[in-house]
Amino acid sequence: MADVAVELVLRSTRVITPEGTRAASVAVAGGKITAVLAYEAEVPAGARLEDFGDDVLLPGLVDTHVHVNDPGRTEWEGFWTATRAAAAGGITTILDMPLNSLPPTTTTDNLRVKQEVARAKAHVDVGFWGGALPDNVKDLRPLHDAGVYGFKCFLSPSGVDEFPELDQEQLATSLAEITGFGGLLIVHAEDPHHLDAAPVVPGPKYADFLASRPRDAENTAIGNLIAQAKRLNARVHVLHLSSSDALPLIAAAKAEGIKITVESCPHYLTLTAEEVPDGASEFKCCPPIREAANQDLLWDALADGTIDCIVSDHSPSTADLKTSDFSTAWGGISSLQLGLPAIWTEARRRGRTLEDVVRWMSAAPAALAGLAQKGAIEVGRDADFAVLAPEETFTVDPAELHHRNQVTAYAGKTLHGVVKSTWLRGAQIADHGTPTEPTGLLLERQN
Ligand SMILES: [Zn+2]
């Protein structure tokens, strides 16, 4: 790489590298990081210098849990709007979830349809998860070979008819198949029997909704998943963990060498059940936002590594589906553009560092998906960056969000951390919240 002329040097007094934060100059050529040099390093002839002063240069965030819904439910979201929101929020790579689009990503033909739709609209790099359904076991290997990063399944109803859940026997079958070719299964872990047994009280009270999605549903599903992963020596990932009661199970599984990773989301880590107003279904998602005491334990689990990463689970719908009845409103929270400041605001309050945030929101999700070219400011990786003013604050105005339906649980919140610019393979893709042209690529699993 030394013989490629440096095109760009990005300089900051605070560059977050895998070894820590330091003043540095980052050299870029051909879209890759070619050197991380001393702050005062001479800028090579012909190279452009961008000096960010004391604003922090961090690796672009990797969000492995985004529902783009395109094609098919584009009135909910789409690749153009979702990736613009991502770029504005400091995210440079997203992985799209296989459901809520029509078709869902459950065959290679469907994957190709989705890729064609995404290609010209991607403002950030976009990869795809496949879906594991009761009747598509034969499609899993071809999807793996076609470059999906792994397979998502549900263990309870998904919310859309075209994406049915797996029962325990079907889970075993799919997991054995996926393990046979070295793939990854990512799981919406809520047990249907516990959900069926829980009381459903229609209406606007958040407490009623919370009671309808009990912690035991998560705990039991995760326990069953761990048992299956152990039996098959399979690699599994727990999506959007909310119940802190499952943490000891997960920690024990990890200690035993079971190949399990876990994510949580900004809403579980920054919002609490106690603060959700009656009828405010912009706060509804499944599993639900739980109590403040539960949230404290999730933060402890991030600190000790029981939870690996933080991703958005951005799952929008049109505003009319967000009715005031929690039992029937669409479940999904939109936060793609706000994840970094939301998490940084809470992290700093809890004495955590920006290095921690970068680990949880960039390095760990990149590692989960095997995105070796993403997730760190390091020689040889893609020149993907976010420039953040961590001490600056702003108040969330839904009108400034780029995702399609400007419904958000964060409206009116004052957050720390302003994303000044975002860079993808050495080209600026957002400037003070305004995305530029779509230059994202479609990614396929390489390993
Ligand atoms: Zn989701």
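The values are calculated or read from the model by the stated rules, or taken from the named source; none is laboratory data. Treat the numbers as computed from the prediction; the structure is a model and nothing was measured. Backbone-built Cβ (ideal geometry, glycine too); neighbour counts: all protein chains shown. Keep in mind that these areas ignore ligands, DNA and RNA; they rest on the heavy atoms of the full protein, side chains included. Shrake-Rupley method; radii C 1.70, N 1.55, O 1.52, S 1.80 Å.
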Seminar exercise, completed: Square roots of five times the C-alpha gyration tensor eigenvalues of segment 185-262, ordered largest first and given in whole Å, equal 27, 11, 10
Problem set entry | Interatomic Cα distance distribution for segment 103-221, bins of 5 angstrom, percent | 2, 11, 18, 18, 16, 12, 10, 9, 4, 0
Exercise. How high is the relative contact order of segment 359-447, given as a whole-number percent (alpha carbon pairs under 8 Å, six or more residues apart)?
Worked result: 24 percent
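Using the Cα centre as the reference, give the magnitude of the dipole from point charges on the C-beta atoms of segment 234-320 (Lys, Arg: +1; Asp, Glu: -1; all else neutral), rounded to the nearest 20 debye. Before the final figure, lay out the partial values.
Values: 5 positive and 14 negative charges, 95 e Å.
It works out to roughly 460 debye.
Tell me the mean residue ellipticity at 222 nm calculated for the chain from its helices only (DSSP H runs of n ≥ 4, each -39500 (n - 2.57), averaged over every residue, nearest 500). Before the final figure, lay out each step's value.
Working: 13 runs with 124 residues, N = 447.
Helices in the chain give a 222 nm mean residue ellipticity of -8000 deg cm²/dmol.
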Exercise. Which listed residue (V311, G380, A86) has the Cα farthest towards the positive end of the charge dipole for the chain, taking +1 on Lys and Arg C-beta and -1 on Asp and Glu C-beta about the Cα centre?
Worked result: G380
For this session: Over segment 121-173, calculate the relative contact order: mean separation of alpha carbon pairs under 8 Å at least 6 apart, over the residue count, as a percent.
Result: 35 percent
Exercise. Relative contact order of segment 256-308: what whole-number percent is it, with Cα pairs under 8 angstrom and at least 6 residues apart?
Worked result: 47 percent
Exercise. One-quarter of the Cα convex hull surface for the chain, in nm²?
Worked result: 19.4 nm²
Problem set entry | Dipole magnitude of segment 51-200 about its Cα centre (Cβ charges: Lys, Arg +1; Asp, Glu -1), debye to nearest 20 | 440 debye
Seminar exercise, completed: Too long for a 20 Å Cα-Cα cut-off, among K152/K259; K284/K420; K230/K259; K284/K322; K230/K254, are K284/K420
Exercise. For segment 294-351, what is the convex hull volume of its Cα atoms per residue in Å³?
Worked result: 114 Å³
Seminar exercise, completed: For K121, counting only lysines whose alpha-carbon sits under 22 Å away and dropping same-chain residues fewer than eight positions off, the answer is K374
For this session: Express in Å², to the nearest 10, the accessible area of V137 obtained by rolling a 1.4 Å probe over the protein heavy atoms while all chains stay in place.
Result: 40 Å²
